[in-house]
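The numbers here are math on the coordinates, done by the rules we state, and not lab data. All values reported here derive from a predicted model rather than from experimental measurement. Neighbour counts run over all protein chains shown; Cβ positions are idealised from the backbone, glycine included.
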Amino acid sequence: MRNVTFLFILFFFTSTVFAQKDNDILMTVGKSAVSVGEFKYIYEKNNGEKANYSDKSLSEYLDLYTNFKLKVEKAKQLKLDTLPELKMELQGYRKQLAGSYLIDKEVTENLLKELYERTKYDIEFSHIFLPVNPDENLSKKEEIRSQMMAIKSKIISGQSFEEVAKEFSKDPNSASKGGYMGFLNAKLPTGFYGLESTLYNTPIQSVSDIVESKIGFHLVKVLNKRTARGQVQVAHIFLKNDKKNTHLKADSLYNELMKGGDFSTIANQYSDDKNTSRTGGLLPPFGINTYENEFENVAFALANDGDISKPLTSKSGWHILTRVSKPEPDTYDIFVRKMKSQISKDERFEVAKLALINDIKQSNGFKENKSVYEQFVLTLQDDLYSYKWEPQNKNLDETLFIFGNSFISTLGDFTSFIKKNTKTRLKYDKGRPVAQTANDLYNEFVNEKAIEFEEKNLEYKYPDFKLLMREYEEGILLFEVTKTTVWDKANVDTIGLEKFYLDNKSKYLSEEKAKVSQFVIHSIEKSMIDKIKKDAKKLTSSKLTQKYNKGTNLITVTEETLDKSHPLLKGMDWKTGSLSDITKNEQAKHQSFRKIIEIMPAQSKTISEARGYVVADYQDFLEKQWVSELKKEFTVVINQPIFNLLKK
């Protein structure tokens, strides 16, 4: 049994030149070391926005974390970390976390960062487009690709992009304009991720390679790149173009505004847009490609809130605009909250996931035993499309492929995968070549194993995941050791619980109560009610009924005992003789009030009445006692200079 000690480590260098690193040891508890990185991770996670690294905040949390670590150290001393059931529980948590963690880190997070950066810029471009029917067979699709290659060769040989687009592009909206599409901002709809990437990755005034989207093939020429316009909110006064001299009316209203006229009032009075005129012409915030180009150009050109544009014309009429606001772009955190769920449903997610898998294969020496696979495919027949399928091979223990030096998948692993995925096999048309279906299943199996292999190395690749798993492990140990030492003991130690109750009996008091009489008066005559209530202040219940119930049943009296907090006593003075307000019951034609007859002081509850509170308090008592004992049992060493460097 040793005292908790605080070791103040002295260095040859002063604290001003001492560099604190995440792998520096902040403290040791018993035999376990706590790094700066581990402490910062858990401090920030549990304190959130309050993690300000002040002296007070850090010191308080260091005390809490020290107590936590002492309990975990005791659990390790008791070898709870070796219990099979706890190890299985931890592995279950790891399995649940690993897949989502890897995909979040390597796919979702990278896609969100990529998209966020793209949204900062608008891209101006032209394109040449050749459509492809989604159901087109492969040979027809390749024929159209060849046509696009021939078109690109014309541009390479010197013909202008614009002239080639006019002649060959099948986009009816842009071909006549030399393929001009204007400005665009990410994100494009699913099925167009490749086109979006081409737009943002192609240098200005350059022509891209052929890119495929879900509707066909494109050649892109990037014309310009500007800082994204973002969004703007305007109000407008709209005049339909169905009258003579509409532009003169617009000029007249504009002049009135320039003289100080109220925009909202004028919009309400004169605007032909009845959907917005009642709200002063207010339109929702919008970005590019929402309205006609001229309308948008004028709206985004308004420099300040309240600026008013000169009248402008559109296809439908004349507009006068005023800027209401220019919303700031979302911060990255807000952007992530908005877009994370959308990203996982987008085509780009699968593209990025496949890229991750290819990277895993390339960087970890993925090797296939092609002959084993090919021999297996030769054994397959049409029964592959039946739930009764069974592998015919005898060499199921042969290696099919390997990641790294030891992550081996056998033919037996693959056949088990096929057997397990009956629904996948049954969805294919029975006329489909079995070799083609086997190839799809094989690729899916390889992809699954690639992710599984990478998941096994998460602790080495991601320090945060290592910390997360340590947090789970120590949480499990803490629960188990606290359950044994504190929670279970508080419930089964009847002698200790009884003694604790007797020592603290004064804490467990019932609420003050009042004996209350309720007077129900079977009359609605106000003068009678007032008279009875006045007499009730000085008369007892029996004398009051003797006075008024002569040959009648004018007053009915009931008595009850109520806690001080009871709703029926709300608003009454807490004293003997206090009367409530009169309550009317029009339907029953009676009125009532209450009178406090006696105040009964709070009394000690029995242990059975207060058991829930007593057990909870006894648990707190046992825990404090336990922590005190742990501090004597295990040595705690704080690296004070390192700790001081954390303070801000």
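Please report the relative contact order for the stretch 470-561, taking Cα pairs under 8 Å with a sequence separation of at least 6, and give it as a percent rounded to a whole number.
Working: 44 pairs, mean separation 29.0, N = 92.
Relative contact order, the stretch 470-561: 32 percent.
Rounded to the nearest angstrom and ordered from largest down, what semi-axes does the equivalent ellipsoid of the chain get from its C-alpha gyration tensor (root of 5λ)?
Semi-axes from the Cα gyration tensor: 66, 51, 31 Å.
How far apart, in nm, are two points set 7 Å out from the Cα along the Cα-to-Cβ line at Lys79 and at Ala602?
5.0
For the stretch 112-179 and the stretch 181-227, write down the distance between their C-alpha centroids in whole Å.
After rounding, the separation between the Cα centres reads 9 Å.
I need the fraction of alpha carbon pairs in the stretch 233-325 separated by more than 18 Å, rounded to a whole percent.
Of all Cα-Cα pairs in the stretch 233-325, 37 percent lie more than 18 Å apart.
Å³ per residue of the Cα convex hull, for the stretch 364-458? Can you show the working numbers first?
Details: hull volume 8.7 nm³, N = 95.
Residue-normalised Cα hull volume stands at 92 Å³.
Could you compute the FRET efficiency for Asp305 and Glu459, with r as their C-beta to C-beta distance and R0 at 45 Å, rounded to 0.05? Spell out each step's value before the answer.
Numbers: r = 52 Å, r/R0 = 1.16.
Efficiency, rounded to the nearest 0.05: 0.30.
How much mean residue ellipticity at 222 nm does the chain get from its helices, if each DSSP H run of length 4 or more adds -39500 (n - 2.57) and you divide by all residues, to the nearest 500 deg cm²/dmol?
On the way: 24 runs with 294 residues, N = 648.
Estimated from H runs of four or more residues: -14000 deg cm²/dmol.
In nanometres, what is the gap between the two model label sites at Lys340 and Gln159, each 7 Å from Cα along Cα-to-Cβ?
With each label point 7 Å from Cα toward Cβ, the separation is 5.0 nm.
What are the lysines whose alpha-carbon lies under 16 Å from the alpha-carbon of Lys420, with same-chain residues fewer than 8 places away excluded?
Answer for Lys420, where 16 Å is the Cα cut-off: Lys388, Lys449, listed by chain and number.
For the stretch 404-437, which trypsin sites (Lys or Arg not before Pro) are both in a DSSP coil and crowded by at most 15 other Cβ atoms within 10 Å?
Those that pass, being in a loop and sparsely packed, are Lys427, Lys430.
Would you mind classifying the stretch 274-328 by shape? Square roots of the alpha carbon gyration tensor eigenvalues, ordered a ≥ b ≥ c; an a/c under 1.5 is rounded, otherwise it is prolate if a/b is larger than b/c and oblate if not.
rounded
About the Cα centre, and with charges only on the beta carbon of Lys, Arg (+1) and Asp, Glu (-1), how big is the dipole of the stretch 237-343? Nearest 20 debye, please.
Dipole magnitude for the stretch 237-343 comes out near 280 debye.
Looking at this model, which pairs from Lys370/Lys430; Lys74/Lys632; Lys515/Lys575; Lys69/Lys631; Lys187/Lys338 are more than 19 angstrom apart at the alpha-carbon?
The answer is Lys370/Lys430.
Percent of alpha carbon pairs in the stretch 182-265 separated by more than 17 Å? Let's see the in-between values first.
Details: 2285 of 3486 pairs.
In whole percent, the share of Cα-Cα pairs in the stretch 182-265 beyond 17 Å is 66.
Rounded to the nearest Å, what's the spacing between the alpha carbon centres of the stretch 479-509 and the stretch 404-468? Just the number, please.
First find each Cα centre; the distance between them is then 52 Å.
Express in nm, to one decimal, how much length is gained between Asn201 and Asn369 on full extension, taking 0.36 nm for each residue of separation and deducting their alpha carbon distance.
Extending this stretch completely gives an extra 56.7 nm.
Among Ala536, Thr558, Gln518, which residue has its Cα furthest toward the positive end of the charge dipole of the stretch 513-600, with +1 on Lys/Arg Cβ and -1 on Asp/Glu Cβ?
Ala536
Give me the net charge for the shell around Phe183: Cβ to Cβ below 15 angstrom, other residues only, Lys and Arg +1, Asp and Glu -1.
+2
What does the charge dipole of the stretch 320-470 about its Cα centre add up to, to the nearest 20 debye, if the Cβ of each Lys and Arg holds +1 and the Cβ of each Asp and Glu holds -1? Intermediate results must be reported in sequence, preceding the final value.
Numbers: 25 positive and 24 negative charges, 101 e Å.
Computed charge dipole of the stretch 320-470: roughly 480 debye.
Please give, to one decimal in nm, the separation of the simple spin-label points placed at Asp413 and Glu212, each 7 Å out from Cα toward the Cβ.
According to this spin-label approximation, the distance is 3.0 nm.
With charges only on Cβ, +1 for K and R and -1 for D and E, what is the dipole size of the chain about its Cα centre, in debye, rounded to 20?
2480
Ignoring solvent entirely, what values of log10 I(q)/I(0) come out of the Debye formula for the stretch 123-227 at 0.11 Å⁻¹ when each Cα is a single scatterer?
-0.30
In the stretch 352-385, which residues have a backbone nitrogen under 18 Å from the label point lying 7 Å from Lys430's Cα in the Cα-to-Cβ direction?
380-385
Please give the Cα centre distance for the stretch 550-569 versus the stretch 586-648, rounded to the nearest Å.
36
More than 23 Å apart: what percent of Cα pairs in the stretch 513-600 qualify? Don't jump to the answer; show the numbers that get you there.
Numbers: 740 of 3828 pairs.
Summing the P(r) tail past 23 Å for the stretch 513-600 gives 19 percent.
Which Cα, out of Ser316, Leu115, Gly37, lies furthest along the positive dipole direction of the chain (beta carbon charges, K/R +1, D/E -1)?
Result: Ser316, furthest along the dipole toward the positive end.
Using 0.36 nm times the number of residues separating Trp574 and Asn421, minus their current alpha carbon distance, what extension gain do you get? Kindly include the intermediate steps, with their values, before the conclusion.
Working: separation 153, 0.36 × 153 = 55.08 nm, distance 7.30 nm.
Separation in residues times 0.36 nm, less the Cα-Cα distance, equals 47.8 nm.
Starting from the Cα of Glu586, move 7 Å in the Cα-to-Cβ direction to define the label point; list residues of the stretch 515-535 whose amide nitrogen is under 20 Å from there.
521-530
For an R0 of 51 angstrom, estimate the FRET efficiency from the Cβ-Cβ distance between Ala355 and Ser57 and round to the nearest 0.05.
Rounded to the nearest 0.05, the efficiency is 0.75.
Pull out the extension gain between Ser325 and Lys564, defined as 0.36 nm times the separation in residues minus the alpha carbon to alpha carbon distance; nm, one decimal.
Residue separation times 0.36 nm, minus the Cα-Cα distance, leaves 80.6 nm.
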